[in-house]
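**Q** For reference, the structure I am asking about is given below.
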Amino acid sequence: MPRRNPRHHYNVYVVELDDTVWNHARFRRANPDYQLGMPFVYVGMTGLDPDTRFDRHKAGVQANRYVQAHGLRLLPQLYEVYNPMPYHGACEMEVELGIALREKGWGVWQG
């Protein structure tokens, strides 16, 4: 079994948010080009396993308020191909992934 590079343990992740997140004016202001009917998501990066990080959000541990209140599930099909990666790569990928989803008309909040 090949050894993983220990410095490549960061992950990007995407959480689907309930559409009630659109009731927050701050979220709406961050998504002026949102297209009706498209998903709402939170894009983040972590040194943890994405499942563990999602559980921590929901439990209120270093949580994003939108994920804690409106987080439904992880969307691994949007991020698994990129993980794991070095810290700086994860920072850049978080931004790039958020931009790409916004360009598709999605409602996006980034960590």
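**Q** What residues qualify as long-range amide H neighbours of TRP109, i.e. H under 5 Å apart, gap of 5 or more or another chain, H built at 1.01 Å from N?
**A** HN-HN under 5 Å from TRP109: VAL41, TYR42, VAL43.
**Q** May I ask you to work out the translational diffusion coefficient for the chain at 10 °C, viscosity 1.306 mPa s, via Stokes-Einstein with Rh from the Kirkwood sum over Cα pairs, reported in whole µm²/s?
**A** 112
**Q** Here is a further query. In terms of modelled amide H atoms, which long-range or inter-chain residues lie less than 5 Å from the amide H of MET38?
**A** Excluding prolines and chain starts, which carry no amide H, there are no hits.
**Q** So, one more: Between VAL15, VAL41, VAL61, where does the largest GNM mean-square fluctuation fall for the chain, given springs only between Cα atoms within less than 10 Å?
**A** VAL61
**Q** From the backbone phi of segment 21-33, what are the Karplus-calculated ³J(HN,Hα) couplings (6.51 cos²θ - 1.76 cosθ + 1.60, θ = phi - 60°) in whole Hz, Gly and Pro given as x?
**A** So the Karplus estimates, Gly and Pro as x, are 4, 5, 6, 8, 4, 4, 5, 4, 4, 6, 10, x, 9 Hz.
**Q** Using only Cα atoms, tell me the angle between helix 87-103 and the longest principal axis of the chain; keep it within 0 to 90° and round to the nearest 10.
**A** Computed tilt is about 30 degrees.
**Q** By how many degrees, between 0 and 90 and to the nearest 10, does the Cα long axis of helix 50-59 differ from the longest principal axis of the chain?
**A** Relative to the chain, helix 50-59 is tipped by roughly 50 degrees.
Values quoted throughout were computed directly from the atomic coordinates according to the rules given, and no laboratory measurement underlies them. It should be emphasised that the depicted structure is a prediction, and the values quoted were computed from it without experimental measurement.
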